[in-house]
Amino acid sequence: MRNVLAIAGRELRSIFTSPVAYVVLTGFLLLGGWFFFNLVARFNMLVQMYSSFQGAGDTAERLNLNDFVVAPLLHNLAVVLLIVVPMITMRSFAEEKRLGTYELLLTSPVGTGQIVLGKLLATGAFVGLMVAGSGIFGVILAIWGNPEIQVLVSGYVGLLLVGLTFVAIGLFASSLTENQIIAAVVGLVMTLLLFVIAWPADTAGDILGPVLRHLAVTEHFDTMVRGIVSTSTLVYFGTMVAGWAFLTQRSVESIRWR
């Protein structure tokens, strides 16, 4: 465990020495703030509009922050993570290969599994920082609004799990090449596929349709945004992170046999 933490610390320091990390963090929070501002403004407009209609008081009361602000905000942030996470993970292994430190890392008395786990922890911590920063929007709603706190917390946990899944995929993409641009594009395509894989599910039949829905990250994330934390959803995200980390470890290990 000491080796894993040492690698994670080294990787985290390298992330923060890159200007990309600050650009990504700032851009993520700025976009989140813009989404939040517009969603709250739209919610206030709807409340005022419904309240102005005679006899529409009950309708106005049925409007809630979770459906009109929290859920759209979290889904928009998940899309932003889909785009920016590959920018963070693209350098994890590709940069090591380009600088020639990859072979030194592999010949050190550290297992490839520890290397992958350390990089996963470091990049996951950075994504966790991004998600935690966006939590200020939830705090604002909790102070000046009346959202369902359980649903709000569940949604943010789901956003973090989505981010960790994208990190694991991005690390695998970075382990395949020494070109950071290629690593970013491959990671983006793979994460995007998880987002859209359920689109043809309605016309895919009774067997393939449920399989596509189960593979889609959006299906599981949506349940958590609605405040439903099921065992199958947690198993899905755990399997995704562990599975892609295992593939990354095998990819890294294969270098020793080339």
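The values are calculated or read from the model by the stated rules, or taken from the named source; none is laboratory data. What you see is a predicted model; the values in this text were computed from it and never measured. Because the Cβ atoms are built from the backbone with ideal geometry, glycine has one as well, and the counts that use them run over all protein chains shown.
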Positions within region 4-17 being surrounded by 14 or more Cβ atoms within 10 Å (Cβ to Cβ) and either of a type in the set (S, T, N, Q) or in contact with an Asp or Glu (Cβ under 7 Å, 6 or more places away or on another chain) (or both), in sequence order: 14
Tally, over region 167-200, of residues that are farther than 20 Å from residue 96 by Cβ and either touching a Pro at 6+ places or on another chain (Cβ under 8 Å) or of a type in the set (S, T, N, Q) (or both): 2
Test: residue in region 199-207 that is loosely packed, with under 15 Cβ neighbours inside 10 Å and not in a helix (DSSP H, G or I): no
Options 95, 103; residue that is surrounded by 16 or more Cβ atoms within 10 Å (Cβ to Cβ), modelled with pLDDT under 90 and in a helix (DSSP H, G or I): 95
Given (1) surrounded by fewer than 19 Cβ atoms within 10 Å (Cβ to Cβ); (2) among the hydroxyl-bearing types (Ser, Thr, Tyr); (3) touching a residue at least 24 places away in the same chain (Cβ under 8 Å), index of the condition residue 175 fails: (1)
Top-ranked residue in region 144-159 [being in contact (Cβ under 8 Å) with a residue 60 or more places away in the chain and either of a type in the set (A, V, I, L, M) or in contact with a strand residue (DSSP E or B) (Cβ under 7 Å, 6 or more places away or on another chain) (or both); ranked as nearest to residue 41 (Cα to Cα)]: 152
Matching entry among 162, 167, 185, 189 (being among the β-branched types (Val, Ile, Thr), assigned to a helix (DSSP H, G or I), closer than 17 Å to residue 70 by Cα and out of contact with any strand residue (DSSP E or B) (no Cβ under 8 Å at 6 or more places or on another chain)): 162
